[in-house]
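Scroll down for the structure; my scribbles are underneath it.
The values are calculated or read from the model by the stated rules, or taken from the named source; none is laboratory data. Just so we're clear, the structure is a prediction, and the values are computed from it rather than from any experiment. With ideal geometry, Cβ positions are generated from the backbone for all residues, glycine too; neighbour counts draw on all protein chains shown. For accessibility, only protein heavy atoms count, side chains too; no ligands or nucleic acids. Shrake-Rupley method; radii C 1.70, N 1.55, O 1.52, S 1.80 Å.
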Amino acid sequence: GAAGMYRNIEDTELCIHITVQRCVWTVQESENLVAIAQSLGVSWLQVWNYNKEGLSRPDLDLTKGQSLKVGQMYQVAKGDTLANMAGRFSTSVDMILRMNADLEHSALLLPDQLVCITFNSCKSDMIA
């Protein structure tokens, strides 16, 4: 390798562990509830409902960097599957997967695992 302050590290694997908070959206510059809701595939009223206590004027109260709740946390019970959770919470398996990027369609859910749930307001998407 090269001498000095900077040098190549060959055949070295570096790993970074990133933890993403579930059911939380960080507001970007110029975003509003409609744009955020469209990104998630839900109604802006759902997003506002999760955040009513802090958004008395939902069209004016958002600021860059602000955290918004975009769903509810659910603690998985023994025997839960994506399909039966979707039915129980009036959502779809696809919506659960969108809200939990680390889950796969064939994922084995573990008791006490936390999953972000939001109901799907579009009945045509209610296929489990």
What are the residues in segment 15-73 that are in contact with a Lys or Arg (Cβ under 9 Å, 6 or more places away or on another chain), of a type in the set (Ser, Thr, Tyr) and over 16 Å from Ile117 (Cβ atoms), if any? Thr26, Ser30
Out of the residues in segment 97-128 meeting the condition of being at pLDDT 85 or above and within 13 Å of Asp80 (Cα to Cα), tell me which one is nearest to the chain's Cα centre (by Cα). Val115
So, restricting to helices (runs of 4 or more DSSP H) that lie completely within segment 16-128, which ones have at least 3 residues that are free of Cβ contacts under 8 Å to residues at least 24 places away in the same chain and open to solvent by 30 Å² or more (accessible area, probe 1.4 Å)? 33-40, 44-50
